[in-house]
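Worksheet for the structure shown next.
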Amino acid sequence: MEKTVSQYKVHIETFGCQMNEYDTELVRSLLKAKGFAFTEDRECADVVLMNTCAIREHAHNKVYGHLADLKALKRQRKLVVGVLGCMAQSLKKELTETAPIVDVLVGPDSYRRLPDLLERAIATQEKDNGVKGIAVDLSEYETYQDIMPERATGITAWIAVMRGCDNFCTFCVVPYTRGRERSRDPQGIIREAEHLAAQGYKQITLLGQNVNSYRFEDWDFARLITAVADVPGIERVRFTSPHPKDFPPALLDAVAGHPHICKHIHLPLQAGNDRILALMGRTYSRKEYLDLVEDIRRRRADIALTTDIICGFCTETEEEFLDTCRTVQEVGYHAAFIFKYSERKNTIAARKCQDDVSERIKSDRVTRLVDLQKAISLQKNRNMIGQTVQVLVEGDSKRSSDQWMGRTDTNITVVWAKRGSSTGPGDFRPIKISHVPATTLFGDEIPAQVASGHLRQLVG
Ligand code: SAM
Ligand code: SF4
């Protein structure tokens, strides 16, 4: 007898950024509404979907590695394979020609078509080899406004406030894979936040490629984040990423002043040298970036800064790379994501600049910058020894079910022993930091009656 849709188990693997994690939640919601079931185990799945990232070569190679495994699995039994997201968008020709095991290709603006395409691929899987469904059109309007993502954690959630990007930084493939920038209706976002609060969620991260350009009628991002932070029950609101070129003073006011907006700003630097910043099309100078950092610090010295940096961009010299190191030292980030430049097809840099820094030099620069950042982070974290921080409990620590793991307002991971207290995921607890072996803070939970005396000392 033929299986019904609800008997088909879907396994989804997600690669890349938070926006992709969020898109996977949207896809789960769309498939669930059509009756599909899910499995965490690829081995017993009828459908394997890979939600892919095209930002760097590394993510791209990982997907090809998984496709090779799936090819072997497909030889042994019936299996429908789908590639979703940015790679489906940017590599449709390559994937249909060189990876004929792919049955369905769906880009980031076409997820609504996925359930039908999967049903069709399932129905024809024995007759046909090769792609059975492609939906990769980019849209100027799609924001999935009416779809409530299928979330899992119960404590922290993402909400995409906009999709696409119009900035065209020369190294970046996002404007080509995710299309034009469009903002969601704020009322839908606030309803989503209220729904999350009613389910017991405590923290929301607002996502967009450049949240500063969020616009919907007379709403800007500062107004939006304040409205979300005002939703009763939502204790912490984060956001990522603002572009340093147009950081609005009203957003800094909101971060500095609103008790539920985290004292943390992720401010991508990309490079600390003016010639490289101009080549990257970032439209700010090193000085403008540092002036913004100074404004932030003057406003509130306890706002933690983190960043993204690319090493070995086209024609970057050693001296220009050292400018980036000096900038990192001067800002003193809490943490940084440091990447090797990876040329992406069709980007402005791929067309107009020469990717002439060798792999060896790129790797060497990444290692040196990572070491520098590690030393800065360690020093900052060690300064917290003896302080009491307010931590949102997320769950067991990775290492042991005898320890809790949570995060400070500034997004630093804290681990502490459970010791039979009534603490649970979703609680806020004061933790006194006792030691800092590397990037994670370790400490002890302060009993409630003692904690009240510590309240004035609470940081992070
Ligand atoms: N919209 C965000 C912004 O402007 O900061 C970033 C989005 S992107 C998904 C995340 C990071 O990936 C970027 O900040 C950049 O550091 C890095 N990235 C993007 N394209 C890259 C490339 N071609 N090679 C290496 N890193 C890249
Ligand atoms: Fe890419 Fe620049 Fe847009 Fe960020 S702002 S997504 S780096 S083009």
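We did not get these values from a lab; they are worked out from the coordinates using the rules stated. These numbers come from a predicted model, not from an experiment. For neighbour counting, all protein chains shown are included, and Cβ atoms are generated from backbone atoms with ideal geometry for every residue, glycine included.
Within the chain, antiparallel bridges make up roughly 35 percent of the DSSP beta bridges whose residues both belong there. Placing dummy labels 7 Å off each Cα toward the beta-carbon, the span from LYS3 to GLU40 is 2.0 nm. Please report how far the C-alpha centroid of the range 344-422 lies from that of the range 68-86, rounded to the nearest whole angstrom. One Cα centre to the other: 33 Å. Between GLU343 and GLU140, the contour length at 0.36 nm per residue exceeds the alpha carbon distance by 70.4 nm.
As an exercise, use a Förster radius of 35 Å and the Cβ-Cβ distance of ALA33 and LYS418 to find the FRET efficiency, rounded to the nearest 0.05. In this case the efficiency is close to 0.35. Between ASP371 and ASP166, the modelled label-to-label distance comes to 4.4 nm, taking each label 7 Å out from Cα in the direction of the beta carbon. Placing a pseudo-label 7 Å from each Cα along the Cα-to-Cβ vector at LYS71 and ARG112 gives an inter-label distance of 3.6 nm.
Helix-only arithmetic for the chain: the sum of -39500 (n - 2.57) across DSSP H runs with n ≥ 4, divided by the residue total, places the mean residue ellipticity at 222 nm at -11000 deg cm²/dmol.
Overall, the chain carries a charge dipole of about 660 debye about its Cα centre when +1 sits on the Cβ of Lys and Arg and -1 on the Cβ of Asp and Glu, all other atoms neutral. Each other residue within a Cβ distance under 13 Å of ASP23 adds +1 if Lys or Arg and -1 if Asp or Glu, for a net charge of -1. Counted over the range 158-261, the DSSP beta bridges are approximately 30% antiparallel.
A cysteine counts as unpartnered when no other cysteine's C-beta lies under 4.7 Å of its own; in the chain this applies to CYS17, CYS44, CYS53, CYS86, CYS165, CYS262, CYS311, CYS325.
Give the angle, between 0 and 90 degrees and rounded to the nearest 10, that separates the Cα long axis of helix 286-299 from the longest principal axis of the Cα atoms of the chain. Approximately 60 degrees, to the nearest 10. Loop-located GluC sites (Glu not before Pro) across the range 307-384 with a Cβ neighbour count of 10 or fewer within 10 Å are lacking, with loop assigned by DSSP.
Bridge orientation summary for the range 304-438: considering DSSP beta bridges with both residues in this region, about 70 percent are antiparallel.
Restriction of the trypsin sites (Lys or Arg not before Pro) in the range 68-137 to DSSP coil positions whose beta-carbon has at most 14 other beta-carbons within 10 angstrom yields ARG77, LYS78, LYS127.
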